[in-house]
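Beneath this line is the structure, given in structure tokens, with notes to follow.
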Amino acid sequence: HRLVARPGSSRSESTTIRPLSEGVSVNSIIYHLVLRRLLLHPYSPCNFDAKMWCSRRLLTGVFFFSVFHAHARFASSAFQDQLAACNITTPCRPTQPNSKIWATTIVPMQPFTFGTMVWDQAEADIVCSRETVYPCMQQQLVESYREQFNASFPFIAVQLPGYVEQAFAMRLEQDAGAQRVPNATVTATYDLSCAENATNGCPHGNVHNVHKQPIGQRLALQFRRMKLRELIVSEGPRVIDIKVVPTTGGTFAVTVMLGVVTGTGPLQLMPTRNCTECCSGNSSDFDVSSDRITWYDGAPAGVTSTGERIQFNVDAPITPKYVRYTANKIFPQCAVANALGLPAMPFDMAVSE
């Protein structure tokens, strides 16, 4: 998507950009960005609405990518070295040659600079079964852009929502890729999944959530922390420790400790958007395993009295050694979140000895 902004304007302006974007209005105080996919689809103009309200000081040059997979945007001059570093030798899709986007879209922007890069991607790399090499690809992408634009801008990857079984593995790889480079992070969206059909709210498929406002709000928090250096909490809690103890009747009690930042507790359980069972189902969004082959769903979870732990029971034949969160259901139903409503980060972690 390409956005036109006039920071010096003292009045509201409207610019129409076709064929991919529509409705960019700017004034001296607020940037109102609206991205609409103008596809030949009856739902497109009214349902694919991506809005983000940010103050002018915050949105100084934001790169927002939400169309193609990583290798299509690699810098062509260093393309072979970048993909070779990740053991990739062939394009993901014949219709999207490696580095196709770079020369036509990115190079013309290089006389300019930007403040933050938002990467809303990864679904195409699932199709190509590149989950395991995705951290390397994301690292190469960030490093090449920072080198070519001569800037150490913040990088924020938008984690995949629920839409296919492989999305969980890719969420972890997106996070792993962000941890490979400084000043980079991910934003969770599994609790905002679009688990509806085309008639009732998902005209572009379940991977393309049409409700972008909450995601934009979370990204704005990341911008404020990473770019403006504000001392705020911009993401949900991360797992710290997991304990398992046997109970009567052959079941096990699993306790998950999460890092709750002061002032953002206690933890809470929140129904996800478009959930069907929500937090009243027969199982939670946690599952366990002793061998990483066979997984057992955890029973409905609850928050302990301290507000920093989640506990659930599980019926398993032997003591669980591994616990996952958001893996056992394509569309997670009951999100663990802090008091700010920010969802806990997905994880796959070994149980503490």
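The values are calculated or read from the model by the stated rules, or taken from the named source; none is laboratory data. These numbers come from a predicted model, not from an experiment. Just so you know, the surface numbers come from the protein's heavy atoms only, side chains and all, with ligands and any DNA or RNA stripped out. Shrake-Rupley method; radii C 1.70, N 1.55, O 1.52, S 1.80 Å.
Quote to one decimal, in nm, the extra length available between ALA84 and ILE293 on full extension: 0.36 nm per residue of separation minus the C-alpha distance between them. Walk me through the numbers on the way to the answer.
Numbers: separation 209, 0.36 × 209 = 75.24 nm, distance 3.11 nm.
Taking 0.36 nm per residue and subtracting the Cα distance, the gain is 72.1 nm.
Using every pair of alpha-carbon atoms in region 103-214, split the distances into 5 Å bins beginning at 0 and state the percent of pairs per bin, rounded to integers.
2, 11, 20, 20, 17, 15, 9, 4, 1, 0
Taking every Cα atom in region 192-330, find the radius of gyration and the maximum pairwise distance Dmax, and write them in Å.
Just the Cα atoms of region 192-330 yield Rg and Dmax of 17.6, 53 Å.
Given the whole protein assembly as supplied and a 1.4 Å probe, what does the accessible area of PHE149 come to in Å², nearest 10?
Per-residue accessible area (PHE149): approximately 10 Å².
Show LYS321, LYS227 ordered by accessible area, largest first, where the area counts protein heavy atoms only and the probe is 1.4 Å. Provide the component values of the computation, followed by the final result.
Values: LYS321 115, LYS227 90 Å².
From most exposed to least exposed: LYS321, LYS227.
How much accessible surface area, in Å² rounded to 10, belongs to the heavy atoms of SER280 with a 1.4 Å probe?
Roughly 100 Å² of SER280 is accessible to a 1.4 Å probe.
Which cross-chain or sequence-distant (5 or more) residues have an amide H under 5 Å from the amide H of ALA157, H modelled 1.01 Å from N in plane?
TRP119, THR185, VAL186, THR187
For LEU228 and CYS128 in one chain, what is 0.36 nm times their gap in residues minus the Cα-Cα distance, to one decimal in nm?
Numbers: separation 100, 0.36 × 100 = 36.00 nm, distance 3.67 nm.
Gain on extension, LEU228 to CYS128, equals 32.3 nm.
Taking a ≥ b ≥ c as the square roots of the eigenvalues of the Cα gyration tensor of region 195-276, is the shape rounded (a/c under 1.5), prolate (a/b larger than b/c) or oblate? Each step should come with its number before you reach the end.
Numbers: a/c = 3.37, a/b = 1.22, b/c = 2.77.
The shape class here is oblate.
Looking at region 310-353, what % of the alpha carbon pairs are farther apart than 13 Å?
Details: 629 of 946 pairs.
Every Cα pair in region 310-353 considered, those over 13 Å come to 66 percent.
For ILE240, what accessible surface area do you get with a 1.4 Å probe? Give it in Å², rounded to 10.
For ILE240, solvent-accessible area is about 90 Å².
How would ARG171, ARG180, ARG130 rank on accessible area, largest to smallest, probe 1.4 Å? It would help to have the intermediate numbers written out before the result.
Working: ARG171 5, ARG180 120, ARG130 25 Å².
Highest to lowest solvent-accessible surface, that is ARG180, ARG130, ARG171.
So how do THR262, THR272 rank on accessible area, 1.4 Å probe, biggest first, that is with the largest at the start? Don't skip to the end; give the middle numbers.
Numbers: THR262 135, THR272 10 Å².
Output order, biggest surface exposure first: THR262, THR272.
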